[in-house]
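The values are calculated or read from the model by the stated rules, or taken from the named source; none is laboratory data. No experiment lies behind these values; they were computed from the predicted model shown. Note: ideal-geometry Cβ built from the backbone for every residue, glycine included; neighbour counts use all protein chains shown.
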Amino acid sequence: MPPMLSRLLILLCLLLAVPVADAARPPVNPDDTLVMELKSGTVLIQMRPDLAPIHVARIKQLVRRGYYDGVAFHRVIAGFIAQTGDRSGTGRGGTGRWLDLEPSKEPHVRGAVSMARGLNRNSGDSQFFILTGQDASLDGNYTLWGHVIKGLDLIDKLKAGDKKKDGYVKEPDRVISMRVQSDPPRPPKPAPPAKPAAPPK
């Protein structure tokens, strides 16, 4: 095979190896990137205002208030999901401000960051989850607003809960701090008082 043809085939194979979802994402922008500090290291989340502008704006607002500092990963199911964002630690709390669903065709694949909600489709508040697996049934039914671009292996290692109790965790791992990457670092807010995780009703 001629060297030029061989190089073209290699290049084509490399291009085909890039996941379609990754190729379709916009360039990473520090103004739309979250820095999440865990005791095990740093996680970077690329936010997607092109998919969910209302949710991204609200998440940035809460992050800048220090809302997520010290918050527990209260629900973790190994190989599926890690959920946080409730300062009560029970999985039933929030800010009291609901957001309307912003559905998209973006798939809920491993590394996707999406808004948790109740039975009401328009009940997203402060809680969100990171997928460590994938679930197509979530597509279009939950607001996907970001993707983990660094540190997904650290999310994999979070303390998992009991699957029989829907993954609710006793003595959970916590977010140390979160900030928008373009913002200057700041001291984290104190963690909320520890409360026992409440199993689902």
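Before moving on, here are some points about what is shown:
- Restricting attention to segment 112-143, the residues that are over 23 Å from residue 64 (Cα atoms) and under 11 Å from the mean Cα position of the chain (by Cα) add up to 2.
- Contact annotation: residue pairs with Cβ atoms under 6 Å, 6 or more positions apart or on different chains, pairing a residue in segment 16-43 that is β-branched (Val, Ile, Thr) with a partner that is in a helix (DSSP H, G or I) and modelled with pLDDT of 90 or more, are 43/154.
- Pick from segment 98-143, criterion of a type in the set (Val, Ile, Thr) and in contact with a Phe, Trp or Tyr (Cβ under 7 Å, 6 or more places away or on another chain), ranking: surrounded by the most Cβ atoms within 10 Å (Cβ to Cβ): 113
- For segment 156-195, a residue qualifies if it is surrounded by 14 or more Cβ atoms within 10 Å (Cβ to Cβ), closer than 14 Å to residue 64 by Cα and of a type in the set (Gly, Ala, Ser), and exactly one does: 177.
- Among the numbered conditions (1) farther than 19 Å from residue 74 by Cβ; (2) of a type outside the set (Lys, Arg); (3) in a loop (DSSP other than H, G, I, E, B), the only one that residue 137 does not meet is (3).
- Just one of the numbered conditions (1) more than 13 Å from the chain's Cα centre (by Cα); (2) not in a helix (DSSP H, G or I) is not true of residue 82: (1).
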